[in-house]
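The values are calculated or read from the model by the stated rules, or taken from the named source; none is laboratory data. Note that the coordinates shown come from a computational prediction; the quantities given were computed from them, not determined experimentally. Please note: Cβ atoms are built from the backbone with ideal geometry, for glycine as well, and neighbour counts cover all protein chains shown.
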Amino acid sequence: MLQASEARPTVNQTQTDVLILGAGLTGGLLALWLKTFRPQASVRVLETLPGPAHYPERTWSFHGSDLEFEPTDNWIRSLPGLKSWQGYSVRFPHLGERHFGGSYHSFSSDALNHLLASQKVEVRWGATVKTVEADHVDLTSGEKLAASVIVDTRNNSPSNPSAIRGGFQKFVGLRLELEQSHGLKSPVIMDACCEQKDGYRFFYLLPTSEKELLIEDTYYSDTSELDVNSICSEIRKSVSERGWKIRKELKIESGVLPVPFSSPVRKSTHPNELSFGVGAGFYHPVTAYSFAWVARFLRALEGVEHLSRPDFDRVLQRLKSDHKRTVWFYTFMNRMLFLAVSPTLRYQLLEKFHSLPEGLVQRFYASKTNFLDRLQILATRPALNYTQLARFFLWAPKNHRRIE
Ligand SMILES: Cc1cc2nc3c(=O)[nH]c(=O)nc-3n(C[C@H](O)[C@H](O)[C@H](O)COP(=O)(O)OP(=O)(O)OC[C@H]3O[C@@H](n4cnc5c(N)ncnc54)[C@H](O)[C@@H]3O)c2cc1C
């Protein structure tokens, strides 16, 4: 007779069409997209967190120009809970305030979890995936689950052994209710008119109603340490300097995101892998934002008639080559930002960049920078000295710290 520890794992014979690993931004939106555009397919999501309330507070913003006019893009624009603004601005010491046209949008983790529940997406919370094979996954509970297609969107898959090195974009954000109107009509995505310390520093202001806003204190820093309490104090100080009074602190969110010096897209760990999301390296290397890439992924799925593994694989291979086409330039920009200018002068690079033509700036955020854009960006040289130039040109993966 088998002892408990030798007991064979149970095989769940119910074949699912698409099994999604991870219920974050990528996994959650993919499941909702499939519910809408492929309603006949059986879809199941496995998530290690015990419940939706455990998913960290996140506000996912993106530019209207990250989207196109395909059915998927229209679906994203009409997602319940999506907040939209017409235009946004940046503020720099010499440039002053510059307004950009086009729309700006924001979606929250609360809205995502609400939609997953209201659309009755089958999410199994508390299901930790241990290993992934082509046609099934093993959970840490010992259970095996079979599926025709398995899309891995977990964010803690083993990273590329060839190493991702670079700096960090770290921030703390407070969602606030103020005593009075803040007077902001649209988001200020970079307000660099503040003390420059710990690298390039700016405030991000996202007005969500007349008296409510999200305010983030952000640093493009050489280190990943984030002192949440002291940054919260900095935010409160900045709020008071802006002449506002806090009535209530509603929520807090924070992040330490990689700003890599080489492509973050990691190599597959097994031949049958179908991975997407931040864990697989699909994000904008300079902003560390991934929403635009998730939108591209879903748009590309429109052309997939049968939900088969080879079809998904073709889509992912195409996205990998799209990412590769632009990633080298953005990682080059990161090396300029972190190695070619001194930390407190980093803001000058971003200031010059945001003085460039509006179309160029939009294409940059959408990872669609073209050849002429590159020339113009390169022409906005930062103030360099010989030591910094040497650091920049002698950069090699092995002599710079690794992002864990
Ligand atoms: C605070 C914050 C704000 C951000 N803001 C923006 C923004 O404004 N715009 C933008 O484009 N990007 C933003 N990003 C970057 C990026 O879009 C987010 O990190 C986004 O959540 C990434 O989505 P994802 O689905 O790839 O990973 P995640 O959302 O992290 O989802 C992965 C999921 O996999 C689950 N998981 C992990 N291991 C297992 C396992 N073994 N078994 C089962 N499940 C598992 C995790 O619990 C998690 O829920 C932000 C990031 C942070 C941290």
* To do: Being in a loop (DSSP other than H, G, I, E, B) and either away from the ligand (no atom under 14 Å from the Cβ) or among the basic types (Lys, Arg) (or both) is the filter; apply it to region 135-156 and report the residue that is modelled with the lowest pLDDT.
  => Asp135
* State whether one or more residues within region 84-97 are of a type in the set (Val, Ile, Thr) and over 19 Å from Leu350 (Cα atoms). => no
* **Flag if Glu47 is among the charged types (D, E, K, R), at pLDDT 95 or above and within 8 Å of the ligand (Cβ to nearest atom)** => yes
* of a type outside the set (Gly, Ala, Ser), more than 15 Å from the ligand (Cβ to nearest atom) and under 19 Å from Arg374 (Cβ atoms): does that describe Glu358? -> yes
* Asked: Hey, does region 218-238 have a residue that's surrounded by fewer than 18 Cβ atoms within 10 Å (Cβ to Cβ) and touching a Leu at 6+ places or on another chain (Cβ under 6 Å)?
  -> no
* Structure fact -> Restricted to region 288-316 and to residues being near the ligand (Cβ under 9 Å from one of its atoms) and assigned to a loop (DSSP other than H, G, I, E, B), the residue surrounded by the most Cβ atoms within 10 Å (Cβ to Cβ) is Ser290
* **region 76-134, residues that are within 13 Å of the ligand (Cβ to nearest atom), in a strand (DSSP E or B) and touching a residue at least 12 places away in the same chain (Cβ under 8 Å)** => Lys83, Tyr88, Tyr104, His105, Ser106, Phe107, Ser108, Val123, Arg124, Trp125, Val129, Val132
* Search region 313-337 for residues that are at pLDDT below 90 and pair each with any residue that is surrounded by fewer than 18 Cβ atoms within 10 Å (Cβ to Cβ) and of a type in the set (D, E, K, R) when their beta-carbon atoms are under 8 Å apart and the residues are at least 6 apart or on different chains. => Thr326/Lys368
* Structure fact -> Checking Leu257, Leu274 in turn, the sole residue that is touching an Asp or Glu at 6+ places or on another chain (Cβ under 7 Å), within 16 Å of the ligand (Cβ to nearest atom) and more than 14 Å from Arg175 (Cα to Cα) turns out to be Leu274
* If Pro285 passes every condition in (1) more than 24 Å from Val43 (Cα to Cα); (2) within 12 Å of the chain's Cα centre (by Cα); (3) surrounded by fewer than 22 Cβ atoms within 10 Å (Cβ to Cβ) but one, which one does it miss? -> (3)
